[in-house]
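Step one of this worksheet: look at the structure below.
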Amino acid sequence: MIVERPGGAVVATKMLYANHYFWTAIELRVLVPDPARGNGFWFASVSRSRSDGLNGYLGPIVRAKVRDEVQRGMEAALNAGKLALEKP
């Protein structure tokens, strides 16, 4: 769902695909203009998910791997977004 207003924009995303580890997820992204920065804006992203298979004997190992992959994915997505927004 995307909502655009003169005071900013909000994008809400629900995960449609689930696998062995992830049951469901939702992400909320908010863009708020910052007039003090000219064309600049503030970007906030919040994600929540429910997962399984991250407990038990191997849980800590799997959890660490999932956490690292999520962090790398978020950094890649933010960098790609930054590059797209900075294109002339």
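Axis angle, to the nearest 10 degrees, between helix 59-86 and the longest C-alpha principal axis of the chain: 20 degrees. Computing FRET efficiency as 1/(1 + (r/R0)^6) for Lys87 and Leu31, where r is the C-beta to C-beta distance and R0 is 22 Å, gives about 0.80. Remark on region 15-78: ratio of C-alpha radius of gyration to 2.2 N^0.38 Å is 1.50. At R0 = 22 Å, how high is the FRET efficiency between Arg48 and Ala76 if r is their beta carbon distance? Nearest 0.05 is fine. After rounding to 0.05, the efficiency reads 0.65.
Each reported figure results from applying straightforward, stated rules to the coordinates on display, with no laboratory input. Remember, predicted model here, so these are calculated numbers, not experimental data. Every residue, glycine as well, gets a Cβ built from its backbone with ideal geometry; the counts of neighbours run over all protein chains shown.
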